[in-house]
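Following: one structure in structure tokens, then a few remarks.
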Amino acid sequence: MSLAARHLEANGISTVIMGCAKDIVEHCGVPRFLFSDFPLGNSAGKPFDVPSQVQTLELALRVLERAPGPRTTVQSPLRWNDDARWKLDYNDLSKLSPEKIAERKKEFEAVKNIAKGKREGV
Amino acid sequence: MATTTTAPAIEFAAEHDTPIPYMQRTRDYYEALGYAPYRWAHYADVPFTPLARPLAQSRVGLITTAAPFQPEAGDQGPGAVYNAGAKFYKVYSVPMDSTPDLRISHVGYDRAHTTAEDINAYLPLARLREAAAAGRVGSLAARLHGAPTNRSHRTTLEVDVIELLDRCRQDAIDAAILVPS
């Protein structure tokens, strides 16, 4: 998605990304980025929380209008939860036994093969 | 001075209360599974096009990584496990004034802490329509576009982003909102 933003921007279309993976988007380097510090999958606001969705879009529109230059990131002030411990869970290896890791590897290989089959089928 | 005063306690946020370092976590995770490190797209230079006219006079497009629901492709419902069978490999477009059934079971969203039950949390289509109706943005593109989540940077750069630009030009938009899920 960051690559698409860069390509549009280089061809005269202003862009803003709404996203939750701050390091990945900034590592790529994009013109404008409204970052929500939420679990992946909630780039447009909290589920079933219209005011949070309205606020998130409005912030993105303001970033689109007012960014002074490329690599402008604004972080939404909204909090997913007062307790930030949810952030510790994503791909947390310390919670996985060697057996569990082997299981995950098997799952990942299966998923890769499905994707490969699908990709080659088109 | 006879009285002693206690300085107020300094209360910083918890040390872990920062944006999740996804790249490091993902590197460590796949290394533990026995895979070579993934290389994320990375550039030193970033293009910039200032908005050509006020937003209230601009036409705005929307690009998502969400996938059209495919009845034959397995569980894509809220909380579905990662479903590579629901991926798509070509840019698609749907009318902006429709109510498309777009899901995110084909990407690595945070299944421990969210369920993808509300499309409005990953696709700001309804909110964007409201913003257009209120005059906050001038108008919306006739359609929104779906960007494939390929693992190949080459395909993304040589095929997908070119197709997206073509479609955005046909839509004559001034600006695009891109929402990865």
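Here are the numbers:
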| read-out | value |
| --- | --- |
| Matching residues, segment B:113-124, being under 21 Å from B:Ala175 (Cβ atoms) and either in contact (Cβ under 8 Å) with a residue 24 or more places away in the chain or more than 7 Å from chain A (Cβ to nearest Cβ) (or both) | B:Tyr122, B:Leu123, B:Pro124 |
| Residues of segment B:18-43 classified as more than 22 Å from the chain's Cα centre (by Cα) and not in a helix (DSSP H, G or I), total | 5 |
| Among (1) of a type outside the set (Ser, Thr, Tyr); (2) closer than 15 Å to A:Trp80 by Cα; (3) crowded, with 24+ Cβ neighbours inside 10 Å; (4) at the interface with chain B (Cβ under 7 Å from one of its Cβ atoms), the one test that A:Met1 misses | (2) |
| Filtered residues of segment B:94-109 (kept if more than 7 Å from chain A (Cβ to nearest Cβ), buried (at least 16 other Cβ atoms within 10 Å of the Cβ) and either part of a loop (DSSP other than H, G, I, E, B) or in contact with a His (Cβ under 8 Å, 6 or more places away or on another chain) (or both)) | B:Met96, B:Pro100, B:Ser105, B:His106, B:Val107 |
| Test: residue in segment B:51-67 that is surrounded by fewer than 16 Cβ atoms within 10 Å (Cβ to Cβ), in contact with a His (Cβ under 9 Å, 6 or more places away or on another chain) and either modelled with pLDDT of 90 or more or farther than 21 Å from A:Phe38 by Cβ (or both) | no |
| Odd one out for B:Gly85, checked against (1) surrounded by fewer than 21 Cβ atoms within 10 Å (Cβ to Cβ); (2) in contact with a strand residue (DSSP E or B) (Cβ under 9 Å, 6 or more places away or on another chain) | (2) |
| Count of residues meeting criterion [under 19 Å from the mean Cα position of the chain (by Cα), in a loop (DSSP other than H, G, I, E, B) and touching a residue at least 12 places away in the same chain (Cβ under 8 Å)] in segment A:47-89 | 6 |
| Hits in segment B:94-122 - residues which are under 16 Å from the mean Cα position of the chain (by Cα), of a type in the set (S, T, N, Q) and closer than 30 Å to B:Arg59 by Cβ | B:Asn120 |
| Contacts under 7 angstrom Cβ, first residue in segment B:165-181 being within 7 Å of chain A (Cβ to nearest Cβ) and over 10 Å from B:His145 (Cα atoms), partner outside any loop (DSSP other than H, G, I, E, B) and of a type in the set (Gly, Ala, Ser), 6 or more apart | B:Ile173/B:Gly61; B:Asp174/A:Ser14; B:Ala175/A:Ser14; B:Ala176/B:Gly61; B:Ile177/A:Ala60; B:Pro180/A:Gly19 |
| Residue satisfying condition, being surrounded by fewer than 22 Cβ atoms within 10 Å (Cβ to Cβ) and in a helix (DSSP H, G or I), within set B:Thr115, B:Thr155, B:Thr149 | B:Thr155 |
| Given (1) outside any helix (DSSP H, G or I); (2) at the interface with chain A (Cβ under 9 Å from one of its Cβ atoms), index of the condition B:Arg127 fails | (1) |
| In segment A:85-96, the residues that are modelled with pLDDT under 85 and either loosely packed, with under 15 Cβ neighbours inside 10 Å or among the β-branched types (Val, Ile, Thr) (or both) | A:Asp92, A:Leu93, A:Ser94, A:Lys95 |
| Of all residues making up segment B:30-43, the number that are at the interface with chain A (Cβ under 7 Å from one of its Cβ atoms) and exposed (fewer than 13 other Cβ atoms within 10 Å of the Cβ) | 2 |
| Residue selected from segment B:20-29 under the condition more than 16 Å from A:Lys112 (Cβ to Cβ) and at the interface with another protein chain (Cβ under 7 Å from one of its Cβ atoms), by the criterion surrounded by the most Cβ atoms within 10 Å (Cβ to Cβ) | B:Ile20 |
| Options A:Val111, A:Val16; residue that is β-branched (Val, Ile, Thr) and either crowded, with 20+ Cβ neighbours inside 10 Å or assigned to a loop (DSSP other than H, G, I, E, B) (or both) | A:Val16 |
| Top-ranked residue in segment A:4-26 [being touching a Ser or Thr at 6+ places or on another chain (Cβ under 6 Å) and more than 7 Å from chain B (Cβ to nearest Cβ); ranked as nearest to A:Lys46 (Cα to Cα)] | A:Cys20 |
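The values are calculated or read from the model by the stated rules, or taken from the named source; none is laboratory data. Given the structure is predicted, the values throughout are model-derived calculations rather than measurements. In this analysis, Cβ positions are derived from the backbone assuming ideal geometry, glycine residues included, and neighbour counts consider all displayed protein chains.
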